[in-house]
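The values are calculated or read from the model by the stated rules, or taken from the named source; none is laboratory data. Everything numeric here is computed off the predicted structure, so don't read it as measured data. Reconstructed Cβ throughout: ideal geometry from the backbone, glycine too, with neighbour counts over all protein chains shown.
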Amino acid sequence: MARILAVDDDPLVRRCISRILVNAGHEVVPAGHGADALQIASDRAFDVALVDYHLPFIDGLEVLQRLREVQPGCLRILVTGALDLPMIMDAVNRGEVMRVVEKPFESAGLVGAVEDAMTARRRMMEVYQVQEQAASEHERDMLVECLEGGHLRLALQPIVGGKSGDIRAFECLLRSNHSVLDGPLSIIRAAERHQMLPQLGQAVSRHAADWMGQLPENIKLFMNLHPDELADPDGMCASLEPLKPWAERVVLEITERSRLQGIEAWDESVERVTAMGFAIAVDDLGAGYSSLSVLAELQPSFIKVDMSIVRGIDCDPRKQRLVDLLCRFADATGATLIAEGVETGEEAEALRGCGAHLLQGYLFGKPSTDLPASLGDATASA
């Protein structure tokens, strides 16, 4: 059975089409003009659209063109009593029309057109599924190659003391030299699709452990946790195992997005990683989905203020007051406040005036796979 959108401004023709196709076992939704049809199609999915060419306001070809944008998988059949072959062939060649039914039509011809369309649709779906499966398997193979073939890198961006300016920590950021999965977003999305976030987390932890072996003992390392990792406490703890010898120097960044996604294992995950010795940072505070409630819930060791608040803070007294209040909150709770995305000296000076403990941004260094030459001068005190 197919769900069919039948569009014709003649009520007698609509009833005739509906009767023929319903008797053939199909579901038919009628529409009297193009705008009505497009409104219906915005709310319901259809297998086939039978559209008369001569419609008021919006002709049948334009309706089919718009349907193609709204529902690419809907087979589009043009019904017309006056064949304009050049126009119709052009529409067919552009893929806007898949079949033409000429008026007047017989019941068998109309039913046959719909059945032929459904057969073509099934074949298209079979081909599409084969192609999708092949593409998915290829992407998974590339992800495995990326994870196991030495293509991953962790770039480090310095986090400096608010007053002293010396390096106190680094945030590690995913990088790749793979020919296809060459960016952090493409790698993360592929890992999500193939349920390989644990493998990605393990690979990142191994690279982070390599960095910890090179960093001075007074330097911390910040790492981002994917929200889905919090849903699997056992898998997350296993992924972090390579970093356990340095747990007291590793800070795991969490956004409230994890809580908003309804991850039930949030509390257990946070409790277990803190029991392992890792510190917690609330990331992107002020980015749109983080709020003060998560600070009270998590009691983090670090609070990272998003760059949307930092940008232009030197010219915005309201932002300065907000950061000043957050710094007071951090001082009262024993947390350390980090301002992210600092790009100008004026922003840095304004943040220092607000009491920001640590600063991070391009002003102090872009992410790099090489340690800065000044690292030897880093000190342990804020």
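Taking LEU156 as the residue in question, decide whether it is more than 30 Å from PHE302 (Cα to Cα) and surrounded by 20 or more Cβ atoms within 10 Å (Cβ to Cβ).
no
Residues are listed down the side, and each one gets a yes or a no for (1) of a type outside the set (A, V, I, L, M, F, W, C); (2) within 30 Å of CYS354 (Cα to Cα); (3) in contact with a Phe, Trp or Tyr (Cβ under 7 Å, 6 or more places away or on another chain):
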| site | (1), (2), (3) |
| --- | --- |
| GLY149 | yes, no, no |
| ALA155 | no, yes, no |
| GLY161 | yes, yes, no |
| LEU173 | no, yes, no |
| PRO198 | yes, no, no |
| ALA208 | no, no, no |
| MET212 | no, no, yes |
| PRO233 | yes, no, no |
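Run down ILE309, ILE303 and say which single residue is at negative phi, surrounded by 18 or more Cβ atoms within 10 Å (Cβ to Cβ) and outside any helix (DSSP H, G or I).
ILE303
Tally time: how many residues in region 332-358 are modelled with pLDDT of 95 or more, under 25 Å from LEU298 (Cα atoms) and assigned to a helix (DSSP H, G or I)?
Residues flagged as modelled with pLDDT of 95 or more, under 25 Å from LEU298 (Cα atoms) and assigned to a helix (DSSP H, G or I) within region 332-358 amount to 2.
Would you list the strands (runs of 3 or more DSSP E) that sit entirely within region 128-233 and hold 2 or more residues that are touching a Gly at 6+ places or on another chain (Cβ under 9 Å)?
Fully inside region 128-233 and qualifying: 152-161, 167-176.
State all residues of region 156-183 that are of a type in the set (Gly, Ala, Ser) and within 16 Å of GLU340 (Cα to Cα); if no residue qualifies, say none.
Residues satisfying the conditions are GLY161, GLY162, GLY165, ALA169.
Looking at PRO72, PRO104, which is the one that is within 15 Å of VAL48 (Cβ to Cβ), modelled with pLDDT of 75 or more and out of contact with any strand residue (DSSP E or B) (no Cβ under 6 Å at 6 or more places or on another chain)?
PRO72
Tell me the strands (runs of 3 or more DSSP E) entirely within region 1-77 that contain at least 1 residues that are out of contact with any helix residue (DSSP H, G or I) (no Cβ under 9 Å at 6 or more places or on another chain) and surrounded by fewer than 23 Cβ atoms within 10 Å (Cβ to Cβ).
Fully inside region 1-77 and qualifying: 3-7.
The conditions are (1) under 23 Å from TRP266 (Cα atoms); (2) under 21 Å from the mean Cα position of the chain (by Cα); (3) of a type in the set (Lys, Arg), and ARG140 fails exactly one of them. Which is it?
Answer for ARG140: the failing condition is (1).
Let me spell it out: the conditions are (1) modelled with pLDDT under 95; (2) part of a loop (DSSP other than H, G, I, E, B); (3) touching a strand residue (DSSP E or B) at 6+ places or on another chain (Cβ under 9 Å), and VAL273 meets all of them except one. Which number is the exception?
That leaves (2) as the condition not met.
Would you be able to tell me the number of residues in region 117-141 that are modelled with pLDDT of 80 or more, among the small types (Gly, Ala, Ser) and closer than 30 Å to GLN199 by Cα?
Within region 117-141, residues that are modelled with pLDDT of 80 or more, among the small types (Gly, Ala, Ser) and closer than 30 Å to GLN199 by Cα number 1.
Of the residues that sit in region 14-49 and are touching a Lys or Arg at 6+ places or on another chain (Cβ under 8 Å) and in contact (Cβ under 8 Å) with a residue 60 or more places away in the chain, which one is farthest from VAL63 (Cα to Cα)?
HIS26
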